[in-house]
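Here is the structure we will look at.
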Protein chains: 2
Amino acid sequence: MDVKTVCLGMLTEGEASGYDLKKAFESSFGHCFAAGYGSIYPALASLAESGCVSCEEIAQDGKPDRKVYRITDKGWEILLEELDNPAPSHKVRSEFLAQMAFAHLMTPEQVQEVLNSRIEDADRNLRFIDEFESSGDCEWPVGVRFTLGFGRAMLHAMKAYVEENRHMFTSSDRQTRKAVAR
Amino acid sequence: MDVKTVCLGMLTEGEASGYDLKKAFESSFGHCFAAGYGSIYPALASLAESGCVSCEEIAQDGKPDRKVYRITDKGWEILLEELDNPAPSHKVRSEFLAQMAFAHLMTPEQVQEVLNSRIEDADRNLRFIDEFESSGDCEWPVGVRFTLGFGRAMLHAMKAYVEENRHMFTSSDRQTRKAVAR
DNA sequence: GACTTTATATATCGAATTGATACAATGCAT
DNA sequence: ATGCATTGTATCAATTCGATATATAAAGTC
């Protein structure tokens, strides 16, 4: 399940350009599987080379050609093989947690600011999920509804944990920092 | 807050080799910020070059030299600057969710197997956190305790969500798949 | 009318990261 | 005695990230 495979999956919904796929990565997958142009265009080129997608170049006046990709039979085959993975990964890379692990080297004010910004970010992402969900003209497939709910559940748990535990870094625990800071 | 900065932070606890840091990345940071040798050794080389760490090579009979790194005053300075970031990121890259988004292209059996393996993985990680937490000879700093609790809260929320929503992919919703699969 | 932002659309580039592998010796267990 | 885990170094190809470049049109703003 790399960028290539997700692109294939997106193309099962219909033909699309690299630009279209980028928008899909931002909206449907933004909260769980981001990808930029630097991943998408090489992925499409590789898929085209291996015959998993076909590409039609549509000339446009002035603008560069619009390249529209379609999934092929071989693409379907590869996609279904990839979807057979029984134990796909779920990874977190958190500069937030890495920084918090060194909270004893920060001032209490710095720590509280970081916690505030994490809550704000969670709220932003929650609003984003709500907007996206209600933006569907038709109804989203089961799996997409599942991932949206998953994202919401995680964000709520994150907010709750931060709010219930930010006291760890104030008052009585203050001397810990003073004792440790070199 | 990249691998270099986390290495610097780890070195505030005392001198260490690349191998030692790898173990720290696996234990304390395994659930939130992983790094392998391919990141750690280049990071240490770069930190040494920029004078943020000093390196002492200790010859060993037969084995290759053991290179022990220590944080310098400049290293402390850089670290404290990095810790001043008020809005560090928290990113998820989930092949699990990406795959689930295409659940309508999988068989119900495949979907349930994926959900089972996700729960098993969460349980493994919960056990790992418990073991790590109780393994501390002395007590962990506040920040580390915070990140461990954070990880636990996320994993519990994940398990709960999966268990409460796996019904989405069975019985009544079954025809959705039949209708969509090409 | 001039100016700026936003959207459409392509693509590349260096830097960072991943995941696997190689090499080399010791010690421990079966 | 033979294989496996541990200690320790390090590299490599493939992938991904984040920023940037190019070009045009529409739409909003001063």
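Given the conditions (1) under 26 Å from A:ASN116 (Cβ atoms); (2) surrounded by fewer than 20 Cβ atoms within 10 Å (Cβ to Cβ), report the number of the one that B:GLU120 does not fulfil.
(1)
State which residue is nearest to A:ASN125 (Cα to Cα) when the search covers only the range A:29-53 and only residues that are in contact with a Leu (Cβ under 8 Å, 6 or more places away or on another chain) and near DNA strand C (Cβ under 10 Å from one of its atoms).
A:ILE40
Residues that are in contact (Cβ under 8 Å) with a residue 12 or more places away in the chain and among the acidic types (Asp, Glu): which strands (runs of 3 or more DSSP E) entirely in the range A:34-101 hold 1 or more of them?
The qualifying strands (runs of 3 or more DSSP E) are A:53-58.
Taking the residues in the range B:1-28 that are outside any helix (DSSP H, G or I) and more than 11 Å from DNA strand C (Cβ to nearest atom) as candidates, determine which candidate is farthest from the other protein chains (Cβ to nearest Cβ).
Top of the filtered list is B:SER17.
Only one of (1) touching a Leu at 6+ places or on another chain (Cβ under 7 Å); (2) within 13 Å of DNA strand D (Cβ to nearest atom); (3) at the interface with chain A (Cβ under 7 Å from one of its Cβ atoms) is not met by B:MET106, so which one is it?
Exception for B:MET106: condition (2).
Is there a residue in the range A:1-18 that is surrounded by fewer than 13 Cβ atoms within 10 Å (Cβ to Cβ) and within 11 Å of DNA strand D (Cβ to nearest atom)?
no
Residue check: is A:GLU109 more than 30 Å from A:MET10 (Cα to Cα) and surrounded by fewer than 19 Cβ atoms within 10 Å (Cβ to Cβ)?
In short, yes.
Throughout, read-outs are computed from the coordinates displayed, never taken from laboratory work. Small disclaimer: the values here were computed from a predicted structure and weren't measured. Note that each Cβ is placed from the backbone with ideal geometry, even for glycine, and that neighbours are counted across all protein chains shown.
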